[in-house]
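Just below is one structure, and these are the notes that go with it.
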Amino acid sequence: MSQRLKDKHAILTGAAGGIGLAVAQAYLEQGARCTVADVGAQATPELAALMGLHPDALAYVPTDVRSIDAIDALVAAAHARFGPVTTLFNNAAIFDMAPLLQSDEAMYDKLFAVNVKGAFFAMQKVLAHMVDQGVKGGSVINMASQAGRRGEALVSHYCATKAAIISYTQSAALAMAPHAIRVNGIAPGVINTPMWAHVDGLFAKYENLPIGEKKKRVGLAVPLGYMGDPTDICGAAVFLASDEAAYITAQTLNVDGGSVMS
């Protein structure tokens, strides 16, 4: 099927690379207009190349989601360029880890500022825009993680931030149901993005492993036997944004090769 997102306008946060960029490309291929946001002052080379292919359907707005004013500016810029926003792919997040007894306030504040505060207010501001614009059939897709389904000894703060996303998804879905706006989540498993070099290095430090060993092990531990690719998230992201998912809300879909069963 093609043009499943015709007449949709999506804001995608944290989308200058990795999963966000892959989903932006999939949305464009399905006929959506896309406003991409990330923290960098300029688009990455990969995003700039995609913008060159879709000059009339793709725009970049530098946005630090830790700032509510910046989120307001993003929504206003998106509306001015492509009209009312119908879809949010709420993806901006960061990762860090440390043993529980060594984890400090700075790490806590950093992770919760982006992964929880930033994600919540991006969702809230886009939902308010949808209600104000009378958007019916709108869709918010919050990016959670398999880490939000269970705790991990070295990853306590990150796990907690993603558990919060799953909870906010459920609450927002109930609040928005009277407005015919759906709110769902996606919980990826281990996905081979550029961030994994950072993650692997941290595990090497705290688990005394050679560089690359943790990445190898987590891929083999997936029931399907390998780490996912960013494009493996696109099918779920397109489906949840489309009218095919019109009767689905308050759900967080695991896309993880079978790592979590729920």
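The values are calculated or read from the model by the stated rules, or taken from the named source; none is laboratory data. Bear in mind the structure is a predicted one, so any value in this text is a computation, not a measurement. Virtual Cβ from ideal backbone geometry, glycine too; neighbours counted across all protein chains shown.
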note = (1) within 23 Å of Ala16 (Cα to Cα); (2) part of a helix (DSSP H, G or I); (3) touching a residue at least 60 places away in the same chain (Cβ under 8 Å) all hold for Ala187 apart from (2)
inquiry  = Quick check on my filter: what residues within region 35-77 are touching a residue at least 40 places away in the same chain (Cβ under 8 Å) and under 19 Å from His9 (Cα atoms)?
reply    = Thr35, Ala37, Asp38, Tyr60, Thr63, Ile71, Asp72, Leu74, Val75, Ala77
remark   = Of the residues in region 194-216, those that are modelled with pLDDT under 95 and in a loop (DSSP other than H, G, I, E, B) come to Pro194
inquiry  = Being closer than 28 Å to Ala16 by Cβ and surrounded by fewer than 19 Cβ atoms within 10 Å (Cβ to Cβ) is the requirement here; does Gln170 meet it?
reply    = no
task = Might you check whether a residue that is of a type in the set (Phe, Trp, Tyr), within 15 Å of the chain's Cα centre (by Cα) and part of a strand (DSSP E or B) occurs anywhere in region 80-96?
result = yes
request  = Check whether at least one residue in region 38-49 is closer than 30 Å to Gly134 by Cα, under 18 Å from the mean Cα position of the chain (by Cα) and surrounded by 24 or more Cβ atoms within 10 Å (Cβ to Cβ), and report yes or no.
outcome  = yes
query = Hey, among the residues in region 97-120 that are part of a helix (DSSP H, G or I) and of a type in the set (Gly, Ala, Ser), which one's nearest to the chain's Cα centre (by Cα)?
reply = Ala119
inquiry  = If I filter region 231-262 down to residues being touching a helix residue (DSSP H, G or I) at 6+ places or on another chain (Cβ under 6 Å) and among the aliphatic types (A, V, I, L, M), which single residue comes out as modelled with the lowest pLDDT?
reply    = Val260
Residues that are touching a Lys or Arg at 6+ places or on another chain (Cβ under 9 Å), under 30 Å from Phe203 (Cβ atoms) and crowded, with 18+ Cβ neighbours inside 10 Å, drawn from region 59-111 = Val65, Ala93
